[in-house]
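The values are calculated or read from the model by the stated rules, or taken from the named source; none is laboratory data. Fair warning: this is a prediction, and the values are worked out from it, not measured in the lab. Virtual Cβ from ideal backbone geometry, glycine too; neighbours counted across all protein chains shown.
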Amino acid sequence: MQETQENDNKETQVADELMMHEVVYLNEQSCMPSSFETNVDGENVWYLDNGASNHMTGDRRYFDKMDHSITGKVRFGDDSRIDIKGKGTIAFIDLNGKPRVMSDVYFIPELESNIISLGQATESGCEIKLKDGYLTMHDQEGKLLVKAERSRNRLYKVKMGLRKEACLYLTSTSMSSLWHARMGHVSLITLKSMIDKELIQGAPSLVIESEVCGSCLLGKQTRQSFPQATVFRATKKLELIHGDLCGLITPKTSAGNRYIFVLVDDYSRYIWTVLLRRREMLS
């Protein structure tokens, strides 16, 4: 009975952990990031794409808020598959100088371009117009948000005026933590004894609060040393093979490969290299 109850508790715990994560799978067959130009740091270039069903970017710096519990994969029309690492909101300034928020933006670290989904924009109430080589986007009140000129490759891109907020943090430190640091991070029991015996000149009479000191935790952390040699070594060819996957590689090869899979025979040290277009080809 006890073993059965423990198994039930473990299954409940696993189920609770799974409920904390949202796994999504996007199939962007009409969106091809390989046709976009690689975004250069500092340009803040975003592509207005009618084929993308969701806003997405690979730059973590843009996000004002992020929910890392949302994970999954996205497949694009060029047959590339990359991981989703979260979803959040991005704060920006529109053409009128008014602060705005773009919500439900997927964070995809391996994505080299920033994409605004026109379909998702219209769902939020925006109006999209294409006329005379320009794409314009207006909000529900008719105010202009974006005006992008059609480029030579028939793409529309715009530089986002991202809002740079100065975050000021106000932290309060208790007197016991303050004197704990001043006395070289002595234990709280020793600190209390020193104050009671008036061994510290200028120390006030204070109540010692039990708190966790980050500096003490870091200073007392230990780890096991790395082994000098492997426990097992092969005695014949192909008995033990070591593998390592390298990628994403930028730029990709002429054949579209973006990963290198390296295999090393432990006995002969013979090396094989395999070029892959995506990681899923290993499975």
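Identify all residues within the range 142-161 that are of a type in the set (A, V, I, L, M) and at pLDDT 80 or above; write none if there are none.
Answer for the range 142-161, where residues must be of a type in the set (A, V, I, L, M) and at pLDDT 80 or above: LEU144, LEU145, VAL146, ALA148, LEU155, VAL158.
In this structure, does ALA234 turn out to be closer than 30 Å to ASP266 by Cα, of a type outside the set (D, E, K, R), in a loop (DSSP other than H, G, I, E, B) and touching a strand residue (DSSP E or B) at 6+ places or on another chain (Cβ under 9 Å)? Step through it out loud before you land on a result.
Numbers: closer than 30 Å to ASP266 by Cα: yes; of a type outside the set (D, E, K, R): yes; in a loop (DSSP other than H, G, I, E, B): yes; touching a strand residue (DSSP E or B) at 6+ places or on another chain (Cβ under 9 Å): yes.
Criteria met by ALA234.
Every residue in the range 138-154 that is closer than 17 Å to ARG100 by Cα and either part of a loop (DSSP other than H, G, I, E, B) or out of contact with any Ser or Thr (no Cβ under 9 Å at 6 or more places or on another chain) (or both), please.
If the condition is that a residue be closer than 17 Å to ARG100 by Cα and either part of a loop (DSSP other than H, G, I, E, B) or out of contact with any Ser or Thr (no Cβ under 9 Å at 6 or more places or on another chain) (or both), then HIS138, ASP139, GLN140, GLU141, GLY142, LYS143 are the ones that fit.
When you check LYS98 against the structure, is it among the basic types (Lys, Arg) and in contact with a strand residue (DSSP E or B) (Cβ under 8 Å, 6 or more places away or on another chain), yes or no?
No: the conditions fail for LYS98.
Being outside the structural domain of ILE271 (by TED's automatic domain parsing) and modelled with pLDDT under 85 is true for just one of GLY184, GLY202. Which residue is that? Working first, answer last.
Numbers: GLY184 fails: modelled with pLDDT under 85.
Among GLY184, GLY202, only GLY202 is outside the structural domain of ILE271 (by TED's automatic domain parsing) and modelled with pLDDT under 85.
When the range 237-252 is examined, which residues are found to be free of Cβ contacts under 8 Å to residues at least 24 places away in the same chain and either outside any loop (DSSP other than H, G, I, E, B) or surrounded by fewer than 12 Cβ atoms within 10 Å (Cβ to Cβ) (or both)?
Those that are free of Cβ contacts under 8 Å to residues at least 24 places away in the same chain and either outside any loop (DSSP other than H, G, I, E, B) or surrounded by fewer than 12 Cβ atoms within 10 Å (Cβ to Cβ) (or both): GLY243, ASP244, CYS246, PRO251.
Would you be able to say whether some residue in the range 81-89 is under 20 Å from the mean Cα position of the chain (by Cα), free of Cβ contacts under 8 Å to residues at least 24 places away in the same chain, surrounded by 14 or more Cβ atoms within 10 Å (Cβ to Cβ) and in a loop (DSSP other than H, G, I, E, B)?
yes
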